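The values are calculated or read from the model by the stated rules, or taken from the named source; none is laboratory data. What you are looking at is a predicted structure, and each value in this text was computed from that prediction instead of being measured. Cβ: placed from backbone, ideal geometry, glycine included. Neighbour counts: every protein chain shown.
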Amino acid sequence: MLLSAPHGLPSFRLCHECRHAWHSSCGILYALLPGRQAGRPLSSASIIDFMPAGTYSMGMKQAGQKEKNPERQAASIALIYFAFAALWILFSDSLLALFIHDAVSIAWVSVTKGLVFVTVTSIVLYILIRRQLSHLARARQETIDANRALREAYDATIEALTYAIDLKDEGTEGHSRRAAGLALDFARWLHIPEDQLEHIYRGALLHDIGKIGVSDAILLKRENLTEKEWNIMRQHTDYAYHLLSRIEYLKPALDIPWCHHERWDGSGYPRGIAGESIPLSARLFAIVDAFDALIYDRPYHKGIPVEDALQEIERSAGTHFDPLLVSQFVAFIRDKGL
């Protein structure tokens, strides 16, 4: 059975036994990727295989098909120039000595010959260099296009994986994409540099990726967790680190999945770091994550009004959250008119 996904994302194959996208007994996620006849099982130990690595090699191969060795290009131009110059000097001097015997005429013709040589070689060099520059420009554009296609493929895969994670827990369905969008808007409102925004967005989308390593019995439990179960649940941030640190493309986005449960006062997890030792993106997202959880319904509570949620977050400033970011977030939400 296939479960339809949002436009542009892969569809997900439900497990034949439990009828869920996540198979709780074996910890395997089934996904039907575009262009494949059957879904491929992905365990937490091999989640890196979910990323379209083949796309990378194909894209780079296409981009580099017409790329040539610069030294070879320079050598070919120099060789053509040398051959033309040698032939010109040898044959023109021989012809000059054969047909002209007057010294004045020889001097005048020699000057003319030199000017013709410079003119012709300049034209030849211009044509050769222009052709090589055209090849380089075309190869560069192909590389840019291939890299853009590669990024789009990776981002589509991240979106699909996020969709699958949300499907595992119906209580949080849509949370990752909502929180990622709000985190991106907040970061942009704070004038965080543009080159960091995409890493914040990807990290926010994947902030709960480590939960694929937590059993359904714990993750979906509606009663209070035992201390042992809480310890297991807290490991999801470390699972996220070990999964994403193996993917070069996602390393810059790692701070949020790994550190979004750290607290300003140092009482968070997994490392218990405090204050500005916590990465800015993780401090920012911790506020957004809590805000989204407060205003939307969850199995264990009903969503509360936005103003009540902001007051709740303000009460946690200086303990759970960065107090400066809290004041900025409150201003951002009110400015946004939510």
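At-a-glance table
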| item | result |
| --- | --- |
| Checking residue 197 against (1) modelled with pLDDT of 95 or more; (2) crowded, with 19+ Cβ neighbours inside 10 Å, the condition it does not meet | (2) |
| Enumerated helices (runs of 4 or more DSSP H) restricted to the range 133-230, each holding at least 2 residues that are closer than 30 Å to residue 77 by Cα and acidic (Asp, Glu) | none |
| Candidates 158, 212, 192, 144, filtered to the one that is more than 14 Å from the chain's Cα centre (by Cα), within 19 Å of residue 236 (Cβ to Cβ) and hydrophobic (A, V, I, L, M, F, W, C) | 212 |
| In the range 291-338, residue modelled with the lowest pLDDT [restricted to those that are among the aromatic types (Phe, Trp, Tyr) and under 30 Å from the mean Cα position of the chain (by Cα)] | 296 |
| Residue list for the range 166-191, restricted to those being touching a residue at least 40 places away in the same chain (Cβ under 8 Å) and closer than 24 Å to residue 328 by Cβ | 175, 178, 179, 182, 183, 185, 186, 187, 189, 190 |
| Per-region count, the range 266-290, residues within 24 Å of the chain's Cα centre (by Cα) and either at pLDDT below 95 or in a helix (DSSP H, G or I) (or both) | 10 |
| Test: residue in the range 282-289 that is over 24 Å from residue 258 (Cα atoms) and surrounded by 19 or more Cβ atoms within 10 Å (Cβ to Cβ) | no |
